[in-house]
Amino acid sequence: MAYQQVLHSFLHILNEMSPYVLLGFLIAGLLHVFIKEETLARHLSGNGWKSVIKAAAIGIPLPLCSCGVLPTAVSLRRQGASKAATTSFLIATPQTGVDSIAATYSLLGLPFALIRPIAALSGAFFGGIAVGKLAPDKEVNTSHSVPSEGKTKKKSLFNKLKESVRYGFFDMIDSMGKWLLFGLVIATLITIFVPDSFFVGLRQYPLVAMIAVVLIAVPMYICATGSIPIAMSLMLKGLSPGVAFVMLMAGPAANFASILILDKTQGRKATAIYVSSVIITAIAFGLLIDFLMPASWFTINAVTDSHNTHMHMGWFETACSIALGLLLLFSFVKKFISKLRFKNLSQNDMTRIYKIQGMNCSHCKASVEKAISGIQGIDTVEVDLSSGLATVSGAIEDDKITEAVRMAGFDISIK
């Protein structure tokens, strides 16, 4: 039965990914808590190659998607990072991440997992250098906004670890959950329902296939981890490893929303260099994989056979899949309840509701809350990611709130 094949294929892919995804989320939480933006910004001033390399090296392990990296980059710019370093950070970060590298290894193997960060580093380096030469800062800000020790409350190791778990397994799931599920579903449907003959015509023209993937992947929003099962399903249908690699790199790094925001914050020329670097690097490494590397390095096994599926469902992988499924379910239910609650909120002289545009992940939400709460006279700020609404109470001045949110990289309007 078709539905049994769909279920078996979906569960097999989920079981292959879930242990690595959970491990990646945990490491993501640790990175988020123990590495601060102020520390990063110190090393990212100047238009030279050193700041560009540092920005790429810092960005590669960070688990931020193409929308979540934007407020981080805006914050780094405001704290002294150059436009060249910021561009390098913007290119490298969404294409990789500890979670996606681990998941890439689980589904596509070690060569893909190694080449992916190398390609991200290369694209980030050349993109950052190009921006430094062709669209440099008129005046590089070398001052950094570092919180004073007196105002920074130190947290115990236990509280830091607790915050790491909360961020990794709850905030990260909130921001990436639906896109991870989207990738799994699309991969399953391609694997089961798209006939092998559909891609026969493109097998002989890998460059044409790569360009077609770019045209599909760039406008589409999908996270680095969610792109992995889609890339795998394309390979199982006969497309080359290089074409699948283009999906891995181009899909997570750029979408229309991020391009529009970059145009406002970085300028048109820097944005054009950013998009070009992502596309050229993805295609260049795709061609390198197809024509200069052994095909045996990129062989993966089909997942459609039901008997084979049962053989690979070990207890540990199944337990990880159940845990990931419960976390996803909790996230979706929490968003649904929050959306209903926000619909019933009303405004008065001390409370105002704003519509925030451009938020796609928990990092975006945190950036908006931080921007608004930093305004003098604001008592409380509560942002609902699913509805895009921010409820603000206190001595409200619309102009100041609008300016703060736009400085953080988002658009805003009064509901």
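As an exercise, use a Förster radius of 51 Å and the Cβ-Cβ distance of residue 403 and residue 118 to find the FRET efficiency, rounded to the nearest 0.05.
So, using R0 = 51 Å, E works out to roughly 0.80.
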Q | Karplus 3J(HN,Hα) series, Hz, for the range 240-252 with 6.51 cos²θ - 1.76 cosθ + 1.60 (x for Gly, Pro) | A | 6, x, x, 5, 4, 5, 4, 4, 4, 9, 6, x, x
Q) How far apart, in nm, are two points set 7 Å out from the Cα along the Cα-to-Cβ line at residue 186 and at residue 315? A) 3.7 nm
Q | Built amide H within the under 5 Å cut-off of residue 411, gap 5+ | A | 357
Q: Would you kindly state how much longer the chain becomes between residue 205 and residue 393 on full extension, computed as 0.36 nm times their sequence separation minus their alpha carbon distance, in nm to one decimal?
A: 61.8 nm
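Values in this text are rule-based calculations from the coordinates and carry no lab data. Being a predicted model, the structure only gives us computed values, none of them experimental. Glycine also receives a Cβ, built like all others from the backbone with ideal geometry; neighbour counts cover every protein chain displayed.
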